[in-house]
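Student: Attaching a single structure in structure tokens format; questions to follow.
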Amino acid sequence: ELGRDPAGGKQHLRLDVTPHSIGKFEASLRVEIKGRSALRHILTGKVEPPALEFSQKDFDLAHVYVGQIVSSNFTITNASKSPSTVQLGLKDLPNGSISVLSDPSDNTSTDVPWTEDFVATL
């Protein structure tokens, strides 16, 4: 119940929707007015999937010798209009880690061992 509006009065409302799955949705908004039949408004929308772009499709690290390090840099870009959570499954790879660089020109990184998955929000 929003309350009693005087003649010419207004109620300012905001409708917030937080979808948890991709696809179209439809709902109805019912407005009850005392002494009248209810008004019904249809709400529709479409939840878009994230649009992630990888700077390279595949990673061929060629020959790697025991005890040596081989590296391949890549970038994941979120081209969506909303944040996305990315999870890289690393458990099936041989011993090593993935380094997360906040800025390619920055030498500071966070290493995630391959024994766990890497999760990031873009």
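Student: With θ set to phi - 60°, apply the Karplus curve 6.51 cos²θ - 1.76 cosθ + 1.60 along segment 48-57 and write out the HN-Hα couplings as whole Hz, x wherever there is a Gly or Pro.
Tutor: 7, x, x, 10, 9, 10, 9, 5, 8, 7
Student: Work out, step by step, the length gained on full extension between Leu39 and Leu15: first 0.36 nm times the residue separation, then minus their alpha carbon distance; give nm to one decimal.
Tutor: This chain segment gains 7.0 nm when fully extended.
Student: Kindly report, to the nearest 10 Å², the accessible surface of Phe59 as traced by a 1.4 Å probe over protein heavy atoms only.
Tutor: 90
Student: Taking all protein chains together and a probe of 1.4 Å, list Lys10, Lys57, Lys81, Lys46 from the most accessible to the least accessible.
Tutor: Details: Lys10 155, Lys57 180, Lys81 215, Lys46 130 Å².
Final ranking, largest accessible area leading: Lys81, Lys57, Lys10, Lys46.
Student: Report D for segment 27-73 in µm² per second (integer): Stokes-Einstein, Kirkwood Rh on Cα pairs, 25 °C, 0.890 mPa s. Show your work: numbers first, answer last.
Tutor: Numbers: Rh = 17.2 Å.
The calculation lands on 143 µm²/s.
Student: Follow-up. Cross-link candidates for Lys46: which lysines have Cα within less than 28 Å, leaving aside residues fewer than 8 places away along the same chain?
Tutor: Lys46 reaches Lys24, Lys81.
Student: Next question, about the same structure. List every residue whose amide H lies under 5 Å from the amide H of Ser80, counting only residues 5 or more places away in sequence or on a different chain, with H placed 1.01 Å from N in the peptide plane.
Tutor: Those lying under 5 Å, H to H, from Ser80 are Ala51.
Student: Here's another thing I want to ask about it. Apply the Karplus curve 6.51 cos²θ - 1.76 cosθ + 1.60, θ = phi - 60°, to the phi angles in segment 8-13 and return the couplings in whole Hz, x for Gly and Pro.
Tutor: Per-residue couplings from phi come out as x, x, 9, 10, 9, 10 Hz.
Student: Here is a further query. Each residue of segment 68-77 in order: what ³J(HN,Hα) in whole Hz does its phi give by Karplus 6.51 cos²θ - 1.76 cosθ + 1.60, θ = phi - 60°, with x for Gly and Pro?
Tutor: 9, 10, 10, 10, 9, 8, 8, 10, 10, 10
Student: Let me ask you something else. Val86's amide H: which non-local residues (gap 5+, or another chain) put their own amide H closer than 5 Å, with H modeled 1.01 Å from N in plane and none for Pro or chain starts?
Tutor: Ala120, Thr121, Leu122
Student: Next question. Can you pull the accessible area of Ser55 for me, 1.4 Å probe, Å² to the nearest 10?
Tutor: 80
Student: May I have the extent of the alpha carbons of segment 1-41 along their three principal axes, as whole Å values ordered from largest to smallest?
Tutor: Result for segment 1-41: principal-axis Cα extents of 42, 21, 15 Å.
Student: At a 1.4 Å probe radius, which order do Val17, Val31, Val86 fall into by accessible area, largest first?
Tutor: Descending accessible area places them as Val17, Val31, Val86.
The values are calculated or read from the model by the stated rules, or taken from the named source; none is laboratory data. Note that the structure is a prediction, hence the values are computed from the model and not measured. Keep in mind that these areas ignore ligands, DNA and RNA; they rest on the heavy atoms of the full protein, side chains included. Shrake-Rupley method; radii C 1.70, N 1.55, O 1.52, S 1.80 Å.
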